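Asks: Take a look at the following structure, please.
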Amino acid sequence: MLPFAQDFQFPWEDKVTVVHWEQRNSGKTFLANDPQKVTPTTTIEQALLDTYEVVSYLQKKYNKERILLLGHSWGSIIGSLFTMQYPQMVQAYIGVEQVVNMFENERIGYEKALECSRQVKNQKDISTLQALSPYPEHHFSDAMVKKLMKLRKLQGKYKLAMQPSLQLVISVLSSPFYSFKDIKYMFMSDVLEIKQRAILEFLFKSYDLNMVTSDYQVPVFYIHGEDDWQTPYSLARTYFDQLKAPMKQFYSIPNAGHVTMLDQKELFNEALFDIIDQIKH
């Protein structure tokens with residue numbers, strides 16, 4: 001989110017100190033290290049250890065016992081797992097476009113894309129999607145990753161997932177946080193296929209919040225776009241309704257997809273500021 005954070009973040013800074021984390025083998029961190037050395041360490045276990053280090057650093061730097069943690073999409077996976085494992089370090093957890101079960105996530109998203117292509121009778125897209133079947137596959141492979149990328153492209157076409165746009169490109173190019181050198185990372189086609197492969201394999205084969213826990217020891221809040229089919233609204237809503245936490249609230253954002261903070265800035269900020277006010281009292 002950092003490359004276009006300037007499009008949504010500045011109002012947040014009146015309420016809290018905002019810290020972005022460019023994770024191992026991604027963003028600015030990717031180009032600051034040797035990918036050949038880092039890639040073998042890019043695992044979910046290491047991601048959680050890295051999160052621990054980052055949160056510990058923030059606790060010391062700002063003299064805070066607990067940190068307010070917000071995770072978007074992939075970040076919601078780390079955020080949830082970290083909150084479960086280290087509740088003593090987390091003031092509250094905010095899941096934005098929360099991922100609950102990656103396999104079901106992809107199954108529902110695929111069916112929706114197929115439904116949309118049939119509604120407009122686009123035979124080319126229908127054939128492309130049918131050629132991906134079975135999707136998702138129970139056996140994780142390089143072919144599965146390629147299918148994922150093809151699906152995302154078509155989901156973007158039907159406004160079911162985040163899609164590149166001229167406005168987004170202009171925003172990234174004018175980012176105060178990213179240099180032109182940093183931007184190169186965004187155009188590397190093998191990042192998901194190779195650099196993040198171990199994490200993708202974990203997500204498809206093992207990740208399911210329902211099988212981990214639904215009992216949280218800290219306040220939990222979800223903000224979710226009602227039109228998000230990249231991380232389907234229905235999965236997040238169902239899981240959230242049965243989870244237990246000292247305080248919890250689900251914020252549904254109408255007419256918003258996978259990047260809620262851009263699609264509906266004012267509504268997103270209203271939800272976020274309401275959460276901040278709640279946990280301060």
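The values are calculated or read from the model by the stated rules, or taken from the named source; none is laboratory data. Please read these numbers as outputs of a predicted model, since none were measured by experiment. Cβ: placed from backbone, ideal geometry, glycine included. Neighbour counts: every protein chain shown.
Asks: If I ask for residues that are touching a Phe, Trp or Tyr at 6+ places or on another chain (Cβ under 8 Å), among the β-branched types (V, I, T) and surrounded by 17 or more Cβ atoms within 10 Å (Cβ to Cβ), which ones from region 51-102 would you list?
Replies: Within region 51-102, T51, V55, I77, T83, V90, I94, V96, V99, V100 meet the criteria.
Asks: Scan region 88-95 and give yes if some residue there is among the hydroxyl-bearing types (S, T, Y) and within 24 Å of the chain's Cα centre (by Cα), otherwise no.
Replies: yes
Asks: Keeping to region 40-63, report how many residues are within 22 Å of I275 (Cα to Cα) and free of Cβ contacts under 8 Å to residues at least 24 places away in the same chain.
Replies: Number of matching residues: 1.
Asks: Looking only at region 103-143, count every residue that is surrounded by fewer than 20 Cβ atoms within 10 Å (Cβ to Cβ) and closer than 22 Å to L209 by Cβ and tell me the total.
Replies: Final tally of qualifying residues: 9.
Asks: Which residues, counting only those in region 6-35, are in a loop (DSSP other than H, G, I, E, B) and on the phi > 0 side of the Ramachandran plot? Working first, answer last.
Replies: Going residue by residue through region 6-35, those that are in a loop (DSSP other than H, G, I, E, B) are 8-9, 15-26, 32-34.
Selection gives N25 alone.
Per-residue answers, yes or no, for (1) modelled with pLDDT of 95 or more; (2) in contact with a helix residue (DSSP H, G or I) (Cβ under 8 Å, 6 or more places away or on another chain):
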residue	(1), (2)
N25	no, yes
F30	no, yes
K37	no, no
Y52	yes, yes
K60	yes, no
L69	yes, yes
M84	yes, yes
P87	yes, no
Q91	yes, yes
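Asks: Further question on the same structure: Within region 238-253, how many residues are within 12 Å of I223 (Cβ to Cβ), of a type outside the set (F, W, Y) and either in contact (Cβ under 8 Å) with a residue 60 or more places away in the chain or surrounded by fewer than 17 Cβ atoms within 10 Å (Cβ to Cβ) (or both)? Reasoning before the result, please.
Replies: Restricting attention to region 238-253, the residues satisfying the condition of being within 12 Å of I223 (Cβ to Cβ) are 240, 249-253.
Restricting the remaining residues to those that are of a type outside the set (F, W, Y) gives 249, 252-253.
Next cut, either in contact (Cβ under 8 Å) with a residue 60 or more places away in the chain or surrounded by fewer than 17 Cβ atoms within 10 Å (Cβ to Cβ) (or both) only: 249, 252.
Number satisfying all stated conditions: 2.
Asks: If you don't mind, another one. Got a number for residues in region 52-78 being touching a Gly at 6+ places or on another chain (Cβ under 8 Å) and among the hydroxyl-bearing types (S, T, Y)?
Replies: 1
Asks: What number goes with the only condition from (1) closer than 25 Å to E266 by Cα; (2) among the aromatic types (F, W, Y); (3) free of Cβ contacts under 8 Å to residues at least 12 places away in the same chain that Y93 does not pass?
Replies: Status for Y93: all satisfied but (3).
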